[in-house]
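Visitor: What follows is a structure written as structure tokens; I'll ask about it next.
The values are calculated or read from the model by the stated rules, or taken from the named source; none is laboratory data. Only a predicted model underlies this, so the values are computations on that prediction, with no experimental measurement involved. Cβ placement follows ideal geometry from the backbone for every residue including glycine, while neighbour counts extend to all protein chains displayed.
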């Protein structure tokens, strides 16, 4: 008799990007904008998540595809942090994925080159997961992985790609299989328009919706109630790039430690607030510090 597969906690599908970041004084409509600083950094929805998640001490598998030519130093950094890279397909040729980000420190514009994420196939884990998180990527490939991988819950999180990569068919399919949706205010409008479902219709079908609102915090739409969770006020803002990915790392750290969704969103807000004060690469707060802070803030921050 074949041994039963171990139930793992989380598979996270998304991009591991090399980000080329251009810092400007202000985002505008000028044809030519002076650049104050240009730098190359590690990024991507799955990459940022993994870097922060590695500090918070919960298990996860990253599902992604990268080029060996452009991403060798990124993969080495992941291995140094003891991040599991078993399900990251590393291919020769076709550089990328690369993201070109223009930021004024508070607002960003992104230009995405998928590279091998658009041409190659994922490695499909032979595991059973509590959560599969579908972030950025080709919708059809993400769906195929979910369909062929055992899991209990699906978290749908298309990010900025909701309006560029999803059609009516793909969006409706994700709404059918999702247990949780994470999005911002702009993305939920796109999701509603493409799926022809209102927030009320989605929650009545059993989907919990977490709407992130940056410095305003988050709103959770359950079937029978709405919960507002305040953001952690940043003492200083170093960089907001990756704040959303940091939120997701804090969120899953709390779920792994058996907290409910409302408390998990508070933990996500706290990690995001800490991350923008340090930047992704310099984030250093462990789970225990986040947990202690969330316990102290719970009564006043979750309403």
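Visitor: State yes or no: is residue 234 at negative phi and surrounded by fewer than 21 Cβ atoms within 10 Å (Cβ to Cβ)? Quick ask: steps written out before the conclusion?
Guide: On the way: at negative phi: yes; surrounded by fewer than 21 Cβ atoms within 10 Å (Cβ to Cβ): yes.
Yes, satisfied.
Visitor: Output the residues belonging to region 284-303 that are within 18 Å of residue 58 (Cα to Cα) and either at pLDDT below 95 or touching a strand residue (DSSP E or B) at 6+ places or on another chain (Cβ under 7 Å) (or both).
Guide: 284
Visitor: Of all residues in region 65-92, which are part of a loop (DSSP other than H, G, I, E, B), within 19 Å of residue 49 (Cβ to Cβ) and touching a helix residue (DSSP H, G or I) at 6+ places or on another chain (Cβ under 8 Å)?
Guide: Within region 65-92, 81, 82, 83, 85 meet the criteria.
Visitor: Among the residues of region 93-120, count how many are assigned to a loop (DSSP other than H, G, I, E, B) and either touching a residue at least 40 places away in the same chain (Cβ under 8 Å) or closer than 18 Å to residue 161 by Cβ (or both). If you could, list the steps in order and put the result at the bottom.
Guide: Going through region 93-120, the residues assigned to a loop (DSSP other than H, G, I, E, B) turn out to be 93-97, 104-107, 114, 119-120.
So of that shortlist, the ones also either touching a residue at least 40 places away in the same chain (Cβ under 8 Å) or closer than 18 Å to residue 161 by Cβ (or both) come out as 96-97, 104-107, 114, 119-120.
The total comes to 9.
Visitor: So, in region 278-303, of the ones that are loosely packed, with under 13 Cβ neighbours inside 10 Å and not in a helix (DSSP H, G or I), which residue ends up farthest from the chain's Cα centre (by Cα)?
Guide: Per the stated criteria, the residue is 303.
Visitor: Would a scan of region 97-114 turn up a residue that is surrounded by fewer than 17 Cβ atoms within 10 Å (Cβ to Cβ) and touching a helix residue (DSSP H, G or I) at 6+ places or on another chain (Cβ under 6 Å)?
Guide: So far as region 97-114 goes, no, none of its residues is surrounded by fewer than 17 Cβ atoms within 10 Å (Cβ to Cβ) and touching a helix residue (DSSP H, G or I) at 6+ places or on another chain (Cβ under 6 Å).
Visitor: Check whether at least one residue in region 250-259 is free of Cβ contacts under 8 Å to residues at least 40 places away in the same chain, over 13 Å from residue 302 (Cβ atoms) and surrounded by fewer than 22 Cβ atoms within 10 Å (Cβ to Cβ), and report yes or no.
Guide: yes
Visitor: Shifting gears a bit: With respect to residue 123, is the statement that it is touching a residue at least 40 places away in the same chain (Cβ under 8 Å) and either over 30 Å from residue 92 (Cα atoms) or assigned to a loop (DSSP other than H, G, I, E, B) (or both) true?
Guide: So residue 123 fits the description; yes.
Visitor: Now, a different point. Going by what's in this entry, would residue 134 be described as under 17 Å from the mean Cα position of the chain (by Cα), farther than 28 Å from residue 238 by Cβ and touching a residue at least 12 places away in the same chain (Cβ under 8 Å)?
Guide: Values: under 17 Å from the mean Cα position of the chain (by Cα): yes; farther than 28 Å from residue 238 by Cβ: yes; touching a residue at least 12 places away in the same chain (Cβ under 8 Å): yes.
When the stated conditions are applied, residue 134 passes them.
Visitor: Let me ask something else about it. Residues that are crowded, with 21+ Cβ neighbours inside 10 Å, over 18 Å from the mean Cα position of the chain (by Cα) and modelled with pLDDT of 95 or more, at least 2 per element: which helices (runs of 4 or more DSSP H) completely within region 150-207 meet that? Outline the logic, then answer.
Guide: Details: elements: 168-177, 185-195, 199-204.
Filter on region 150-207 gives an empty set.
Visitor: While we're on this one: Going through 49, 12, 58 one at a time, which residue ends up being surrounded by 15 or more Cβ atoms within 10 Å (Cβ to Cβ) and assigned to a strand (DSSP E or B)?
Guide: Details: 49 fails: assigned to a strand (DSSP E or B); 58 fails: assigned to a strand (DSSP E or B).
Step by step, each of 49, 12, 58 is checked, and only 12 is surrounded by 15 or more Cβ atoms within 10 Å (Cβ to Cβ) and assigned to a strand (DSSP E or B).
Visitor: Shifting gears a bit: Can you find, within region 126-149, the residue that is surrounded by the fewest Cβ atoms within 10 Å (Cβ to Cβ) among those that are touching a helix residue (DSSP H, G or I) at 6+ places or on another chain (Cβ under 9 Å) and assigned to a loop (DSSP other than H, G, I, E, B)? Can you show your working first?
Guide: From region 126-149, those touching a helix residue (DSSP H, G or I) at 6+ places or on another chain (Cβ under 9 Å) are 130-143, 146-147; that's our starting set.
Subset that is assigned to a loop (DSSP other than H, G, I, E, B): 135-138.
Working: 135: 25, 136: 26, 137: 27, 138: 18.
Looking at residues that are touching a helix residue (DSSP H, G or I) at 6+ places or on another chain (Cβ under 9 Å) and assigned to a loop (DSSP other than H, G, I, E, B), I get 138.
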